[in-house]
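S.K.: I have a structure I would like to understand better, so I am pasting it below and will then ask my questions one at a time.
The values are calculated or read from the model by the stated rules, or taken from the named source; none is laboratory data. Not measured: the values here are computed from a predicted model. Neighbour counts are summed over all protein chains in view; Cβ atoms, including those assigned to glycine, are modelled from backbone coordinates with ideal geometry. Note: accessible area is taken over every heavy atom of the protein model, side chains too, but ligands, DNA and RNA are not part of it. Shrake-Rupley method; radii C 1.70, N 1.55, O 1.52, S 1.80 Å.
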Number of protein chains: 2
Amino acid sequence: MTNRTVAGALSGELKQFIEPARVLDSPEARIAYSYDATTRQSLPDVVVKVKSAAEVAEILKLAGRLQVPVVPRGAGTGLSGGSIPFAGGIAMVFTEMRSIKEIDQENMVAVCEPGVVTGNLQKEVERQGLFYPPDPSSLNYCTIGGNLAENAGGPRGMKYGVTKDYVLGLEVVLPNGDIVHLGGKQIKNVTGYNFVQFFIGSEGTLGVITEATLKLLPAPPARKTMAVTFKSIDRAAETVNAILYSGVLPAILELMDQKSINYVEDYLHLGLPRHVEAMLIIEVDGMPEAVEAETSKVAMLCKKMRAEDINVAKDNPEAEQLWKARRAVSPAISRVRPTKIGEDICVPRSSIPAMVREIRRVEEQFDLPIVIFGHAGDGNLHPNILTDKRDAQEMERVEAAIEAIFEAAVKLGGTLSGEHGIGLSKKPFLPIDLSPQTIDFMRAMKKAVDPANILNPGKIFGSEL
Amino acid sequence: MTNRTVAGALSGELKQFIEPARVLDSPEARIAYSYDATTRQSLPDVVVKVKSAAEVAEILKLAGRLQVPVVPRGAGTGLSGGSIPFAGGIAMVFTEMRSIKEIDQENMVAVCEPGVVTGNLQKEVERQGLFYPPDPSSLNYCTIGGNLAENAGGPRGMKYGVTKDYVLGLEVVLPNGDIVHLGGKQIKNVTGYNFVQFFIGSEGTLGVITEATLKLLPAPPARKTMAVTFKSIDRAAETVNAILYSGVLPAILELMDQKSINYVEDYLHLGLPRHVEAMLIIEVDGMPEAVEAETSKVAMLCKKMRAEDINVAKDNPEAEQLWKARRAVSPAISRVRPTKIGEDICVPRSSIPAMVREIRRVEEQFDLPIVIFGHAGDGNLHPNILTDKRDAQEMERVEAAIEAIFEAAVKLGGTLSGEHGIGLSKKPFLPIDLSPQTIDFMRAMKKAVDPANILNPGKIFGSEL
């Protein structure tokens, strides 16, 4: 928390150039913007609902003068604490900047403000026959600004990539108040450094994104979903590779382990087979002829890999039925124990079986139930530890288990986070993955961009510069 | 050129830790590494053929101590002067680092040194049923290191993206001699800043890449090529949009204007129609069923857009025949006048007709023949000015014409360079495209990474820090 005198002065100073109704410092407002989707919480001193890049610039200049932290935030659905104002200061909120400024059908780009809800953008562009692929699970709530800050992923990452792959241009306010325009509607651009990518995934520590130009695709005309079960999880992982190697690139290739299947079955009674070690949910999309051909090819490969059961949805309602199981994983496992700690490691695809074995070993060693599901095609697994945060002793075991999982992931050539970011939650574990030289280099860049350390300080690599 | 005393000392110092046979300072060697594929030239003081990241680190430390520039270079096929050692110093050559260290079939990645020739990597991975899509025209000569430094593109960019889209990991030597490992074999990675993309396209000004982990795809099992002519270039451009909007994403969508067609016809007598304003060369690839369906759809759309002639290749030799015209553009126009200045603007796709009209206006205004061809699907056009560099008066008109083309491109929402980089050639025009704030920000980043300004100084945004 900021020094109380400074905090008191802050609202007054902000109200000099922001309508008072958009500067909130009531306890209710401060609590409302104090948390995200992790279990962490910390109060900002003041909440500001910004309306323009110019306002953001003025706020950053003021914050620099007063040495007060500024923490930009989207909808607070983040899973790594990236938007928690743990050092107090200003929570910068974008709910007043949620306009889709343009959907340019001819060039297939959308221009939008950071407060736009991802799912709303998707619906809008779909109405025009277009497609914005990134699909984080929270897409009905999360915002484009948060997606850009954390480089959010989702199941479709398999074929379509993640948020960073859809950003052509950005308007960014730098900590010194400069407003820069990077990239634009051009698909190819090598004029100067690739700053667009520099800001994406930087978790609000380098600049404040106030507008994004996003690449769209034509909507794929056809889609087909199937669910395939395997007695052995190794076989499921081998099948993933066999599919990709055959030249078929599914839009989605999701994995559920035996525990996920059983918890979902307990919850929804869908008739899922409790004895199988793994279920893959596979979706192919594209031209109708290609979708037919690819579906047959995938089914044939699954058969060859001795799948237990291959269930191809005949139509949309049947596909919805297959998706039901995958979508129910989170609610199903949330019922099992009071707290669910969702992790987000990413390993080279070939290491999935070894990683699953490592997680099973951790589970046994620390005596904690761990459910595994995630994006098998990307090697991006979400081991979820089921626990109770009120039990301090157990939470120590949870921390040790998380560390053991990260160590195993890195040993297998993987990384701490595939799509959730580092934020606060994974900051202590960063040295498992990155060398001191790389961390020093990040610090040096942060210091060069934000010498006063006002933008989301303390995230990713620690608070000291 | 560096101070002669320093230059003299340099070879001696380098030979302290590099085998003398790899430290070259004969006039012949210095001339051999003094130019690229532009018309520019400048001698380095000494040429070093490096063998490892450790050697690169030692050289950078020495260069920092002696305040001598270091210019890393690939095969010198660059089109913007990025590798020309115009301030002398050390030309760092990677011909001794051309090993493909690993092709990991299961994870579909290749790990290679910067000196690997792009075409050789492609052949190697194709032998294993895999595919490395980036295809700059110089692929039989250019190297992966140069491709990474300039973020090289190519015709397949349409569907497959450019070099940056295939880089999962990098080993980079920083100007202070630190060796950092960024990313790896994981497909998704949000652990810390996206430094991989920070270095790609930075034209050797921020760090020296000594190893790259590249993403591969399964080789598409089928491919089909067609050539389509249009009476009006506007119609050709509209057809490009109609194809993309229909949901078909061709691998390649190339444009040749009437001048290109006629110069090629003068050169090869292929029977090309001289009266049409544009020819599109379209290639679709993927699963055989999809390729068939997409070919029919594209042909139907072209018919609907009143194409003059639609020629679908029945087999590979026929496809080769169609490609012959496009491949012959450069040699054909090189015969017309002694010097050919190839530009590389990129505009939003919808601006292609307007951009073509602007180029025609510039052509008339400055009385210089300008041929237009390029990657229509990306909006990335290569206007080539045919001139004679020995005619100083005409070269002044050429410079003015280039500036007018850049101004028009930026006015239409485009940029100076789609795939060649800024280097030396486009440096004077940078302020047409980027604001002073953005250029300042680049300078600040360069200064933070390379405070002594030893790495490829003077490129992109000027020599002063």
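S.K.: Is there a residue in the stretch A:7-24 that is in contact (Cβ under 8 Å) with a residue 12 or more places away in the chain and surrounded by fewer than 16 Cβ atoms within 10 Å (Cβ to Cβ)? Spell out how you get there, then give the answer.
M.R.: Of the residues in the stretch A:7-24, the ones in contact (Cβ under 8 Å) with a residue 12 or more places away in the chain are A:7, A:9-11, A:13-14, A:17-18, A:22-24.
After this cut, where a residue has to be surrounded by fewer than 16 Cβ atoms within 10 Å (Cβ to Cβ) as well, the list is A:9, A:17.
Yes.
S.K.: Which one is nearest to the other protein chains (Cβ to nearest Cβ) among residues in the stretch B:150-173 that are closer than 22 Å to B:SER99 by Cα, open to solvent by less than 20 Å² (accessible area, probe 1.4 Å) and not β-branched (Val, Ile, Thr)?
M.R.: That would be B:ASN151.
S.K.: Same structure again: Could you grab the pairs with beta carbons closer than 7 Å, sequence gap of 6+ or different chains, first residue in the stretch B:313-330 and under 10 Å from B:THR225 (Cβ atoms), second one in a loop (DSSP other than H, G, I, E, B)?
M.R.: Filtered contacts from the stretch B:313-330: B:ALA319/B:ALA313; B:LEU322/B:ALA313.
S.K.: Looking at (1) open to solvent by less than 40 Å² (accessible area, probe 1.4 Å); (2) at pLDDT below 95; (3) part of a loop (DSSP other than H, G, I, E, B), which is the only condition B:THR39 fails?
M.R.: If we test B:THR39 against (1) open to solvent by less than 40 Å² (accessible area, probe 1.4 Å); (2) at pLDDT below 95; (3) part of a loop (DSSP other than H, G, I, E, B), just (1) comes out false.
S.K.: Which of the residues that make up the stretch B:381-392 are crowded, with 24+ Cβ neighbours inside 10 Å and within 14 Å of chain A (Cβ to nearest Cβ)?
M.R.: Listed by number, the list holds a single entry, B:LEU381.
S.K.: While we're looking at this one, here's another question. Within the stretch B:89-107, which residues are farther than 18 Å from A:ILE243 by Cα, in contact (Cβ under 8 Å) with a residue 24 or more places away in the chain and open to solvent by 10 Å² or more (accessible area, probe 1.4 Å)?
M.R.: If we filter the stretch B:89-107 for residues that are farther than 18 Å from A:ILE243 by Cα, which is where we start, we get B:89-103.
Still in the list and also in contact (Cβ under 8 Å) with a residue 24 or more places away in the chain: B:89-98, B:100-101, B:103.
Listed by number, the residues that qualify are B:PHE94, B:THR95, B:GLU96, B:ARG98, B:ILE100, B:LYS101, B:ILE103.
S.K.: Taking the stretch A:181-211, which residues are more than 7 Å from chain B (Cβ to nearest Cβ) and assigned to a loop (DSSP other than H, G, I, E, B)?
M.R.: Hits for the stretch A:181-211 are A:GLU203, A:GLY204, A:THR205, A:LEU206, A:GLY207.
S.K.: Scan (1) modelled with pLDDT under 95; (2) in contact with a Pro (Cβ under 6 Å, 6 or more places away or on another chain); (3) within 14 Å of another protein chain (Cβ to nearest Cβ) for the single condition B:GLN105 breaks and write down its number.
M.R.: It fails just one condition, (2).
S.K.: I would also like to ask the following. Do we find a residue being on the phi < 0 side of the Ramachandran plot, in a helix (DSSP H, G or I) and polar (S, T, N, Q) anywhere in the stretch B:9-22?
M.R.: Here is the first cut: in the stretch B:9-22, the residues on the phi < 0 side of the Ramachandran plot are B:9-22.
Now restrict to residues that are in a helix (DSSP H, G or I): B:9-15, B:20-22.
The next check asks that each one be polar (S, T, N, Q); those that pass are B:11.
Checking the stretch B:9-22: at least one residue is on the phi < 0 side of the Ramachandran plot, in a helix (DSSP H, G or I) and polar (S, T, N, Q).
S.K.: So if I check each of A:PRO220, A:PRO250, which one is within 23 Å of the chain's Cα centre (by Cα), within 19 Å of A:ALA313 (Cα to Cα), within 14 Å of chain B (Cβ to nearest Cβ) and part of a loop (DSSP other than H, G, I, E, B)? First the steps, then the outcome.
M.R.: Details: A:PRO220 fails: within 23 Å of the chain's Cα centre (by Cα).
That would be A:PRO250, the only listed residue that is within 23 Å of the chain's Cα centre (by Cα), within 19 Å of A:ALA313 (Cα to Cα), within 14 Å of chain B (Cβ to nearest Cβ) and part of a loop (DSSP other than H, G, I, E, B).
S.K.: Which one of these does A:ALA75 not meet: (1) open to solvent by 40 Å² or more (accessible area, probe 1.4 Å); (2) outside any loop (DSSP other than H, G, I, E, B); (3) modelled with pLDDT of 95 or more?
M.R.: Of (1) open to solvent by 40 Å² or more (accessible area, probe 1.4 Å); (2) outside any loop (DSSP other than H, G, I, E, B); (3) modelled with pLDDT of 95 or more, only one is false for A:ALA75: (2).
S.K.: Can you find, within the stretch B:124-148, the residue that is nearest to B:GLY169 (Cα to Cα) among those that are without any contact (Cβ under 8 Å) to a residue 60 or more places away in the chain and within 14 Å of another protein chain (Cβ to nearest Cβ)?
M.R.: To start, the set of residues in the stretch B:124-148 that are without any contact (Cβ under 8 Å) to a residue 60 or more places away in the chain comprises B:124, B:127-128, B:134-135, B:139-140.
With the extra rule that they be within 14 Å of another protein chain (Cβ to nearest Cβ), the set shrinks to B:128, B:134-135.
Working: B:GLN128: 21, B:PRO134: 16, B:ASP135: 20 Å.
Result: B:PRO134.
S.K.: Filter the stretch B:442-465 down to the residues that are open to solvent by 30 Å² or more (accessible area, probe 1.4 Å) and either under 18 Å from A:VAL180 (Cα atoms) or not in a helix (DSSP H, G or I) (or both), then identify the one that is nearest to the other protein chains (Cβ to nearest Cβ).
M.R.: Applying the first criterion (open to solvent by 30 Å² or more (accessible area, probe 1.4 Å)) to the stretch B:442-465 yields B:443-444, B:447-448, B:451-453, B:463-465.
When the remaining residues are screened for being either under 18 Å from A:VAL180 (Cα atoms) or not in a helix (DSSP H, G or I) (or both), the result is B:443-444, B:451-453, B:463-465.
Working: B:ARG443: 10, B:ALA444: 6, B:PRO451: 10, B:ALA452: 14, B:ASN453: 15, B:SER463: 16, B:GLU464: 16, B:LEU465: 12 Å.
My answer is B:ALA444.
S.K.: Give B:VAL68, B:VAL50 a once-over and let me know the one that is open to solvent by less than 10 Å² (accessible area, probe 1.4 Å) and over 27 Å from the mean Cα position of the chain (by Cα). Reasoning before the result, please.
M.R.: Values: B:VAL50 fails: over 27 Å from the mean Cα position of the chain (by Cα).
The conditions single out B:VAL68.
S.K.: Further question: If you take the residues of the stretch A:174-186 that are open to solvent by 20 Å² or more (accessible area, probe 1.4 Å) and touching a residue at least 60 places away in the same chain (Cβ under 8 Å), which of them is nearest to A:ASN241 (Cα to Cα)? Let's see the steps before the verdict.
M.R.: Let us first name the residues in the stretch A:174-186 that are open to solvent by 20 Å² or more (accessible area, probe 1.4 Å), namely A:176, A:178-179, A:181, A:183, A:185.
Now restrict to residues that are touching a residue at least 60 places away in the same chain (Cβ under 8 Å): A:176, A:178-179, A:185.
Details: A:ASN176: 48, A:ASP178: 47, A:ILE179: 45, A:LYS185: 35 Å.
Within the stretch A:174-186, the match that is nearest to A:ASN241 (Cα to Cα) is A:LYS185.
Table: residues versus (1) assigned to a loop (DSSP other than H, G, I, E, B); (2) closer than 30 Å to A:VAL248 by Cα.
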| site | (1), (2) |
| --- | --- |
| B:LYS51 | yes, no |
| B:LYS61 | no, no |
| B:ALA87 | yes, no |
| B:GLU96 | yes, no |
| B:LEU121 | no, yes |
| B:VAL125 | no, yes |
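S.K.: A follow-up question, please. Out of everything in the stretch B:108-129 that is among the small types (Gly, Ala, Ser) and more than 20 Å from the chain's Cα centre (by Cα), what residue ends up being most open to solvent (accessible area, probe 1.4 Å)?
M.R.: The initial filter retains those residues of the stretch B:108-129 that are among the small types (Gly, Ala, Ser), namely B:110, B:115, B:119, B:129.
Still in the list and also more than 20 Å from the chain's Cα centre (by Cα): B:110, B:129.
Details: B:ALA110: 0, B:GLY129: 30 Å².
Checked the stretch B:108-129; the qualifying residue most open to solvent (accessible area, probe 1.4 Å) is B:GLY129.
S.K.: Condition first: under 29 Å from B:VAL240 (Cβ atoms) and surrounded by fewer than 22 Cβ atoms within 10 Å (Cβ to Cβ). Now tell me which residues in the stretch B:136-149 satisfy that.
M.R.: Residues satisfying the conditions are B:SER137, B:LEU139, B:ASN140.
S.K.: Please indicate, with yes or no, whether at least one residue in the stretch A:203-219 is without any contact (Cβ under 8 Å) to a residue 40 or more places away in the chain and either over 30 Å from A:LYS101 (Cα atoms) or buried (at least 21 other Cβ atoms within 10 Å of the Cβ) (or both). Full working, then the answer.
M.R.: Looking only at the stretch A:203-219, we keep the residues that are without any contact (Cβ under 8 Å) to a residue 40 or more places away in the chain, and these are none.
No, the conditions are met nowhere in the stretch A:203-219.
S.K.: In the stretch B:330-340, what count of residues is obtained for those that are surrounded by 17 or more Cβ atoms within 10 Å (Cβ to Cβ) and in a strand (DSSP E or B)?
M.R.: 1
Per-residue answers, yes or no, for (1) touching a Phe, Trp or Tyr at 6+ places or on another chain (Cβ under 7 Å); (2) modelled with pLDDT of 95 or more; (3) not in a loop (DSSP other than H, G, I, E, B):
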site	(1), (2), (3)
A:VAL362	no, yes, yes
A:GLN365	no, yes, yes
A:LEU368	no, yes, no
A:VAL371	yes, yes, yes
A:GLY377	no, no, yes
A:LEU381	no, yes, yes
A:ILE405	no, yes, yes
A:ALA409	no, yes, yes
A:GLY418	no, yes, no
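S.K.: Pick from A:ALA63, A:ALA57, A:ALA32: which is of a type in the set (A, V, I, L, M) and open to solvent by 10 Å² or more (accessible area, probe 1.4 Å)?
M.R.: Details: A:ALA63 fails: open to solvent by 10 Å² or more (accessible area, probe 1.4 Å); A:ALA57 fails: open to solvent by 10 Å² or more (accessible area, probe 1.4 Å).
Testing whether each residue is of a type in the set (A, V, I, L, M) and open to solvent by 10 Å² or more (accessible area, probe 1.4 Å) leaves just A:ALA32.
S.K.: Here's a check for you: in the stretch B:406-441, which residue that is among the aromatic types (Phe, Trp, Tyr) and more than 9 Å from every other protein chain (Cβ to nearest Cβ) is surrounded by the most Cβ atoms within 10 Å (Cβ to Cβ)?
M.R.: Going residue by residue through the stretch B:406-441, those that are among the aromatic types (Phe, Trp, Tyr) are B:406, B:429, B:441.
Next, only the ones that are more than 9 Å from every other protein chain (Cβ to nearest Cβ) stay: B:406, B:429.
On the way: B:PHE406: 22, B:PHE429: 20.
Here the answer is B:PHE406.
S.K.: Every residue in the stretch A:341-380 that is open to solvent by 30 Å² or more (accessible area, probe 1.4 Å) and facing another protein chain (nearest Cβ under 10 Å), please.
M.R.: Within the stretch A:341-380, just A:SER350 meets the criteria.
S.K.: Still on this structure: If you scan the stretch A:273-289, which residues turn out to be open to solvent by 20 Å² or more (accessible area, probe 1.4 Å) and within 14 Å of chain B (Cβ to nearest Cβ)?
M.R.: Those that are open to solvent by 20 Å² or more (accessible area, probe 1.4 Å) and within 14 Å of chain B (Cβ to nearest Cβ): A:PRO288, A:GLU289.
Yes/no per residue for (1) touching a residue at least 40 places away in the same chain (Cβ under 8 Å); (2) assigned by TED's automatic domain parsing to the domain that holds B:GLU343:
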| position | (1), (2) |
| --- | --- |
| B:GLY414 | yes, yes |
| B:GLY418 | yes, yes |
| B:LEU424 | yes, yes |
| B:ASP440 | no, no |
| B:ALA444 | no, no |
| B:ALA448 | no, no |
| B:LEU455 | yes, no |
